[in-house]
Amino acid sequence: MSVTIKEALLRASFLLREAGVENPRREAEALLCAGTGFPLAHIYAHGEETLTEELHTRYLDWITRRAGEEPFAYICGEREFMGLPFRVTPDVLIPRPETEFLVEATVAALAPYSQPHILEVGTGSGAVAVMLAVLLPGAQVTSVDTSLPAITVAADNAARHGVADRVRLLTGDIYAPAAAEEIHFTAVVSNPPYIPTAEIDGLAPGVKEHEPLQALDGGPDGLTFYRRLTRELVLLSHLPDILAFEVGAGQAHSVIQLCHTAGYKKTRQVKDLAGIERVITATRL
Ligand code: GLN
């Protein structure tokens, strides 16, 4: 059965609307563009063109997945972060717009250093590590994740954006992979899992059922990883000068206290676009 672009879009928008997806028409168009490689203008101008059987089958599969709340980024395998496209798979958290504030705050805090060595904890897609390397051409980045599949995705993204030679990816738990090294890291940067365990169940189905739980669950009060990130700094051969953390809503005060206790007395907070204290930077000197 041959189906035109216009017919496929109409049917897809209907299915997405029925499934309760917001902006069904826009998502149907965007998935068609991603699936066919056609620009949006082509879809508008050539509605009578028929889709090949293969493209139509793939499009229906994608629409069915989207109707089942699978995030758009996992279906098309890509998400933009700070203007660059990043490959994403269900092994990694989809980069969030608020995490751009973490990158910006880290870049600002590192302004006095021409050749910083950054230790990032919780690589995921590699969005933070790769963007830091892109924005700071003099920087070396070491990035650690417990998930080997995530490290593989991050390696792809580092290569794609031409920074594989300055982004070193290690598998392991927090500081363990870097602890034996004689490196004085300038900064430790992390967007750790920070959702309190009891709140996981209340997250949107697209997040709860599709994104990796290990990248979201921050323990009973959501602060487990900030405690470890601050208390275990002593495992490193030298204390870093700067800490930069993304935090969950309402966590800024507690995380600042943890930084103070670890000897990082000067702290700065950055709000995200929703007005939530989202990033903490702390300096020791
Ligand atoms: N910001 C993410 C969310 O709300 C959580 C990311 C994290 O736990 N670091 O889904």
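The values are calculated or read from the model by the stated rules, or taken from the named source; none is laboratory data. Computed from a predicted structure; not experimentally measured. Note that each Cβ is placed from the backbone with ideal geometry, even for glycine, and that neighbours are counted across all protein chains shown. For the accessible areas, the whole protein counts, side chains as well, though only heavy atoms, and no ligand, DNA or RNA atoms are used. Shrake-Rupley method; radii C 1.70, N 1.55, O 1.52, S 1.80 Å.
Under the condition of being under 22 Å from Pro193 (Cβ atoms), of a type in the set (A, V, I, L, M, F, W, C) and open to solvent by less than 60 Å² (accessible area, probe 1.4 Å), which residue from the stretch 159-181 is modelled with the lowest pLDDT?
Within the stretch 159-181, the match that is modelled with the lowest pLDDT is Ala179.
Just to be sure I understand the filter: pairs with C-beta atoms under 7 Å, separated by 6 or more residues or on different chains, first member in the stretch 121-139 and open to solvent by 20 Å² or more (accessible area, probe 1.4 Å), second member within 12 Å of the ligand (Cβ to nearest atom). Which pairs pass? Within 7 Å, the pairs are Gly122/Ser190; Gly122/Asn191; Gly122/Pro192. Of the residues making up the stretch 62-87, those that are within 16 Å of the ligand (Cβ to nearest atom), more than 20 Å from Ser147 (Cα to Cα) and open to solvent by less than 40 Å² (accessible area, probe 1.4 Å) number 3.
Within the stretch 213-236, residues that are more than 16 Å from Thr123 (Cα to Cα) and open to solvent by less than 50 Å² (accessible area, probe 1.4 Å) sit with their Cβ atoms under 7 Å from residues that are hydrophobic (A, V, I, L, M, F, W, C) and within 14 Å of the ligand (Cβ to nearest atom), at 6+ positions apart or across chains, in these pairs: Gly222/Ile195. Of the residues making up the stretch 88-101, none is surrounded by fewer than 20 Cβ atoms within 10 Å (Cβ to Cβ) and more than 13 Å from the chain's Cα centre (by Cα).
From the list Tyr44, Tyr59, the lone residue that is over 23 Å from Ala274 (Cβ atoms) and open to solvent by 20 Å² or more (accessible area, probe 1.4 Å) is Tyr44.
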